[in-house]
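To start, the structure itself, in structure tokens.
Coordinate-derived values only; no laboratory data. No experiment lies behind these values; they were computed from the predicted model shown.
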Ligand code: GLP
């Protein structure tokens, strides 16, 4: 796993945006996997800026979101569809027909989940999956104990996640207890994963993800099995990493290599 430690959440957003933007420029018809939550908000803001100021073109991009609460209408202010519309889609030139968010009102969740997986495959698979992380180490809504081979399905949220997400609702009782979520197995099939984390409250989850054992108790740790994961995190989220200095050295060596400062041969 490549770990990039930045000095601030703003810098995390800028660095993350360079990964997304360079993919969109290189492959205009790429497939993006998108996430909700407060963490990727800065990334979306930066991508909107690149669209407005530098003409970053999303017209051929297809997107698939990780998850959605069960029971919320797409127009509900706390639904993930609404989040994506208001924080990203309506500010860029993505074709609304190419944006996919699981439907929390599906009557047959199993059939809907299978169709979601099929659509991802038909689109050619996800090129880059943006991920946040829950304080219990979950990715999407794959709570502790989720199978590391899981596919899109219904999942019951832990009380920790319900508490964490209650800040977006008027009352904790309004937080849905069920969600439709891509599985860990679905996420691991993405060609690249871009994991973002900011703040001290994520430091333990990040330590367990990057340096802990691979375990279904911390579903983000399954990313250790993926060949191309870039974790962009701020200093606070990196606070508990044992090999933090080494990750910096790796980035410095990488930059020196790119700048042609490392000479080969005589
Ligand atoms: C929810 C989402 C996750 C997200 C997590 C963290 O549980 N399902 O995809 O990573 O929240 O959110 P935040 O970035 O607000 O801390």
As an exercise, find the ratio Rg/Rh for the chain from alpha-carbon atoms, using the Kirkwood inverse-distance average for Rh.
0.96
How far, in nm, would the chain grow between residue 172 and residue 7 when pulled straight, counting 0.36 nm per residue and subtracting the alpha carbon separation?
56.1 nm
Between the helical axis of 244-258 and the dominant principal axis of the chain, each derived from Cα atoms, what acute angle in degrees is found, rounded to the nearest 10?
70 degrees
At q = 0.09, 0.12, 0.18, 0.20 Å⁻¹, what log₁₀ I(q)/I(0) does the range 115-227 have when each alpha carbon counts as one equal point scatterer in the Debye sum?
-0.23, -0.42, -0.92, -1.10
Using only Cα atoms, locate the centre of the range 215-266 and the centre of the range 1-78, then give the distance between them in Å, rounded to an integer.
21 Å
